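The values are calculated or read from the model by the stated rules, or taken from the named source; none is laboratory data. Here the structure is a predicted model, which is why all the values come from computation and not from measurement. Using ideal geometry, Cβ is built from the backbone for each residue, glycine included, and neighbour counts are taken over all protein chains shown. Ligands, DNA and RNA are stripped out before the accessible areas are found, and what is left, the full protein with its side chains, is counted by its heavy atoms. Shrake-Rupley method; radii C 1.70, N 1.55, O 1.52, S 1.80 Å.
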Amino acid sequence: ARLDLHRQKDEVALQLSRSEERNAWYEEGHGLADAVRYQKKLEADVFRQDHDVQQLQGRIDTEVGRCKVLQKTVLMLKEKANLMDEPTLAEDAVREAMEAHSNQLQAQNTE
């Protein structure tokens, strides 16, 4: 059974090779070689872009997860600080505090 599978695999590989040779001969004879090369280049570009999209999607998913953790953290802190009636924390105040902290760290680093 195993030898039969190997023989079938070899036959299919030979058929593929012969088909590729016939296609190349046909393409060359009909002026399609450049078009086929361009198509293969485009297919490779699409493959690379798909890979890039998958990696970016992974990064987005990671960031979404981090945002969810931060949202839950804010809710927990609001609960502990008895601020649950506040619809939102003042974003401007939070941004100012973040900038002040960042400036403080930068000042410490330059010292």
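From the list 63, 86, 99, the one residue that fits, being open to solvent by 100 Å² or more (accessible area, probe 1.4 Å), of a type outside the set (A, V, I, L, M) and at negative phi, is 99. Of all residue pairs spaced 6 or more apart or on separate chains, those with beta-carbon atoms under 6 Å, a first member in segment 5-27 that is free of Cβ contacts under 8 Å to residues at least 60 places away in the same chain and a second member that is open to solvent by less than 100 Å² (accessible area, probe 1.4 Å) are 27/33; 27/36. Only one of the listed residues (96, 79) is within 35 Å of the chain's Cα centre (by Cα), assigned to a helix (DSSP H, G or I) and not small (Gly, Ala, Ser). That residue is 96.
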